[in-house]
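Structure first, commentary second.
The values are calculated or read from the model by the stated rules, or taken from the named source; none is laboratory data. These figures come from a predicted structure and were not determined experimentally. All Cβ positions, glycine included, derive from the backbone under ideal geometry; neighbour counts span all protein chains shown. The protein model used for the area step is the full one, side chains on, heavy atoms only, and it has no ligands, DNA or RNA in it. Shrake-Rupley method; radii C 1.70, N 1.55, O 1.52, S 1.80 Å.
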Amino acid sequence: MTSTPSHPGGVSVRVRGLRKAFAGQEVLAGLDFDVQPGEIFVIMGPSGSGKTVLLKHLIGLEEPDAGEILIAGKPVRSPEVMSQYRMAMVFQSGALLNSLTVGENVGLYLAEHRLKSPEEIARIVTEKLEVVGLKGTEERMPSDLSGGMKKRVAIARALVIEPQLILYDEPTSELDPLSSVVIAEEIVNLKQRIQVTSLVVSHDRDLAFGVADRIAVINKGRILTIGTPDEVRRNPDPLVEQFLHASFKRL
Amino acid sequence: MFQNVGEMVILFWSTLLALPATWRQRQKVSDQFFEIGNASLLMVCILSFFIGGVIALQTGPLLVERGLGSYVGGVVGFSICKELAPVMMSILIAGRIGSAMAAEIGSMRVYQEIDALRTMNISPIHYLVLPRLVAIALALPLLVTFAILVGWLGGALVCVANDHIAISFAAFFSALRDTVNVQDVANGVFKSFAFALIIATVSCHQGLITRGGPRGIGRSVTKAVVNSIVLIVFSDYLLTRILLK
Ligand SMILES: Nc1ncnc2c1ncn2[C@@H]1O[C@H](COP(=O)(O)OP(=O)(O)OP(=O)(O)O)[C@@H](O)[C@H]1O
Ligand SMILES: [Mg+2]
């Protein structure tokens, strides 16, 4: 099938002049950045700043109005990329298939592409569910799970693919602090184990500064700053400062 | 309503190109097939029985009065197998199964399940459309064959029971056999096969272009059913014209 990669390890991502408008409203207003193979690149930004739309472009679910996206130097969704690399995305909502059990969801990629025998798939599914702390939930239906559990199943489903590029949309947004730590560890583990390139969209500052090799802060479809966690922390731009240091005062 | 005809033709064509993958999707085809059967077999029986009955009731006394009693079986048998069973059953299935297809695929669209499939390199056409199209294309002709037989039976029983008609069972079926030949039945069943393709294509297409939350799903379901029925009736005329020769 199209899905046996010949290149182990992560891929580079290059984004140039990426623009997208919906109904005249500009959501991505010219983005340029590079992500190195095997890097964990965190994208932060306020709600509605276009982070999800950016990830959808990176995996080819949306067509840009202008600009280009290169995966390992080739256009995203070109036949070469599709046949040589595996990509996975963890959706903000989980996007589990509601008609399938948790186990079937997690094993879907392997089963549909006939990459493994049913017994092997069952073993891998059990293993990945254990990684995200959901051991023994194979037979449950997604509709019976909490938001955070769905998110973790979605992460397990992405782990199964063993991708060269993995996109996480708010992986910890519905999780308690303890599960968040587990997910953060797994993001780093996965990178160390298979050198995957990871793009993580998150508001979670602890997660961002905990796992990132580099961080980009975007606002209104533009990049405010890109750099290592230390560089971003020291960035004097008032918008960046505000975003990074906003906190509740007792009201 | 017809602005999407081009898209539907493309969807239908892509699904035909995917046909070689049917064997791999056989589990889903058989699931869909039995779902269609379970959901509609009883309805098909009841509906076709009464359609047969009412046609006998309408035409029987009229013909008998004029001394044409020996034609009743032919008229009832002919109209059921060539028109009423294929068209009415297809409309029933459009309402019963087409709506379910549009709702299911539409909600998968709205809740990003289809996006998720695409990120996994799983084609929605192979995974969703193909099994539904194949299943309904097998199931509907079978249901219609069944409906024709039950409809004839309904017509015959009414002819026996009604005092104004009073034709025996044997006389009804011998008249039917004189008028209706196997090709007429095949004709009707073939039409239902074409209608099955219409229902699946229209409903899956509506599902796939759903947008805008739960209300969007509702809109898609309504459109799938209405557009299927309009196209069924329209193509019924064309097919009849072509098959008439
Ligand atoms: N398919 C679409 N059609 C029209 N507008 C869209 C579409 N998808 C996104 N938008 C708009 O694009 C903007 C950015 O949306 P996006 O989902 O990327 O935000 P986000 O940064 O992910 O926010 P959050 O942190 O709340 O998830 C929003 O104003 C949204 O309304
Ligand atoms: Mg988002």
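Brief remarks follow.
- Percent carbon-and-sulfur accessible area, region B:25-244, ignoring ligands, DNA and RNA, probe 1.4 Å: 69
- 3J(HN,Hα) along region B:218-223: x, 4, 4, 4, 4, 4 Hz, from the Karplus curve 6.51 cos²θ - 1.76 cosθ + 1.60 with θ = phi - 60°, whole Hz, x for Gly and Pro.
- Candidate cross-link partners of B:Lys82 among the aspartates and glutamates, defined by an alpha-carbon separation under 20 Å and a same-chain spacing of 8 or more, comprise B:Asp178, B:Asp184, B:Asp236.
- Here the Karplus relation 6.51 cos²θ - 1.76 cosθ + 1.60, evaluated at θ = phi - 60°, turns the backbone of region A:40-55 into coupling constants of 9, 10, 9, 10, 10, x, x, 4, x, 7, x, 5, 5, 4, 4, 4 Hz, with x for every Gly and Pro.
- Straight-distance candidates among the aspartates and glutamates for linking to A:Lys220, with alpha-carbon spacing under 13 Å and chain neighbours fewer than 8 residues away dropped: A:Glu26.
- Rounded to the nearest 10 degrees, the inclination of helix A:177-194 to the longest alpha-carbon principal axis of chain A is 80 degrees.
- Chain B: most fluctuating residue of B:Arg177, B:Arg109, B:Arg66 per GNM, C-alpha cutoff 10 Å: B:Arg66
- In sequence order, calculated HN-Hα J values of region B:39-44 (Karplus, 6.51, -1.76, 1.60; Hz; x Gly/Pro): 6, 10, 4, 5, 4, 4
- DSSP beta bridges confined to chain A are antiparallel in about 55 percent of cases.
- GNM result for chain A, Cα springs below 10 Å: residue of A:Ser12, A:Ser179, A:Ser99 fluctuating most strongly: A:Ser99
- Which of A:Ala158, A:Ser180, A:Pro236, positive extreme of dipole for chain A (C-beta unit charges): A:Pro236
- For region A:96-161, carbon and sulfur atoms together expose 50% of the accessible surface, with a 1.4 angstrom probe and every protein chain in place.
- Long-range amide H partners of A:Ile40 with built H, under 5 Å: A:Ser198, A:Asp213, A:Arg214
- Mean sequence separation of contacting Cα pairs (under 8 Å, at least six apart), scaled by the length of region B:1-125, corresponds to a relative contact order of 24 percent.
- Only Cα pairs under 8 Å and 6+ residues apart enter the sum, and on that basis the relative contact order of chain B stands at 34 percent.
- Rounded tilt (10° steps) of B:5-17 against the dominant C-alpha axis of chain B: 90
- Beta bridge orientation in the protein assembly as shown: antiparallel %, DSSP, nearest 5: 55
- Chain A: relative contact order in percent, alpha carbon pairs under 8 Å with at least 6 residues between: 27
- Centroid-to-centroid, using Cα positions, region B:184-235 and region A:130-192 are 38 Å apart.
- Computed magnitude of the charge dipole of the protein assembly as shown (debye, nearest 20; Cβ of K, R +1, Cβ of D, E -1): 560
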